[in-house]
Amino acid sequence: MTRLRQWAPTAVPLIAIVVLALTWGQKLPLVPVLLVGAVLIGAVLTAVQHAEVVAHRVGEPYGSLVLAVAVTVIEVGLIIMLMSSGGEGTATLARDTVFAAVMITCNGIVGLSLLLGSIKHGLPRFNREGTGAALGVVATLTTLTLVLPTFTTGAAGGEFTSSQLVFAAIAALVIYAVFVFTQTGRHRDFFLPVTHAGVIINDADNDDHADPPTLRSTLLSAGLLVVSLVAVVGLAKVVSPAIEAGVDGAGIPHSFVGVVIALIVLLPESLAASRAALRNRMQTSLNLAYGSAIASIGLTIPAIAIASIWLTGPLVLGLGPVQIVLLVLTMLVGTLTVVPGRATRLQGVVHLIILAAFVFLAISP
């Protein structure tokens, strides 16, 4: 059993890549789909493990940034692949997936982290300066890219005109770049974990006092992290026809496929954030949550804008009324959660209920 645990982090990503190569482009029956799903879950778990190795080596907030950017880059590739294949729902796939990512990160990951952290540690604390800034960036990016298309008059049906899309893409990229510079530069301490007394925990003050991994181990984990993430998204693409068939068979709106994609892609970050919360590193959890939302919008929208040059069909980015209401509620509750710099399980449950409302209304609009 011990030897199996030692070899699993290396073997599982390689097995997942082999399974991806064998199943890519094929229409699978039920049993192979279930097997692929099991390999997919294994790849998710190993991705989290390797991400934590890299995070331990580089410290916060770089560790959270590495996972957020890696997952988002792969998410962009998945969206573009599905949009290029055409079919029902591709016009709104980018919007549905990005908005689902925002709701999952800002409510699901945040809520679960707060709930787990408060149950185990009583009253988890975090740095409200950095977390508040990150939430403000999420609100701005989401409004500029997903809310405004609903109200602009240059193009109908929730679409941007070409010039509006270029502006939104450039604005999103600039805001994302400045946020990363702020997070990793002069104000890096805003995004470091804090103690119950509000004292910032430096990288050297690791809570478990474990020695950082060697450079060789870090590079190996970084490579296997990339392999795992590629396998996660690739296998998600393999099982997506079964997911679409299941959604259609259940009479659920096709837009729910975007929710399922976001849930799968964000599994590594969800697990990593939960583990950080259990270790009383709530700031790390919030860095992962809001950083993932920022990366999802700040990288996806510019990439989709570029891809729209050769992709055929409309690109609908504007949210509907129900989605806008849920977004406003998320930002309002998120602000009230962040301001005190500490939170109880009540805030965690409230965020999780908002996520449950989003999922339920996506199924039954």
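Throughout, read-outs are computed from the coordinates displayed, never taken from laboratory work. Since this is a predicted model, take the numbers as computed values, not measurements. Using ideal geometry, Cβ is built from the backbone for each residue, glycine included, and neighbour counts are taken over all protein chains shown.
Once the chain from H254 to D189 is taken as fully extended at 0.36 nm per residue, the excess over their C-alpha distance is 19.1 nm.
Spin-label pair T140-V226: with each label point 7 Å from Cα along the Cα-Cβ axis, the two points sit 3.1 nm from one another. Cβ crowding within 10 Å, taken as a proxy for footprinting-reagent exposure, orders V48, V325 from fewest neighbours to most as V325, V48.
Residues Y176, Y62, ranked from the fewest to the most other C-beta atoms within 10 Å, line up as Y62, Y176. Taking only the alpha carbons of region 280-328, we obtain Rg and Dmax values of 15.1, 48 Å in that order. The stretch between L28 and A177, if pulled fully straight at 0.36 nm per residue, gains 49.5 nm over its current Cα-Cα span. Taking the number of Cβ atoms within 10 Å of each Cβ as an exposure proxy, the fewest-first ranking of F181, F191 is F181, F191. Gap in Å between the Cα centre of region 246-297 and the Cα centre of region 12-33? Centre-to-centre distance over Cα atoms comes out at 23 Å. Within region 99-119, which residues have the backbone N less than 17 Å from the label spot 7 Å out from M81 along Cα→beta-carbon, could you tell me? Flagged as within label range: none. Sorting 41-47, 354-360, 77-83 by their mean Cβ neighbour count within 10 Å, with the most densely packed peptide first, gives 41-47, 77-83, 354-360. The charge dipole of region 242-365, taken about the Cα centre with unit charges on the Cβ atoms of Lys, Arg (+1) and Asp, Glu (-1), comes to about 600 debye, rounded to the nearest 20. Each 10 Å bin, from zero up to the one with the longest distance, holds this percent of the alpha carbon pairs of the chain: 5, 25, 34, 26, 10, 1, 0.
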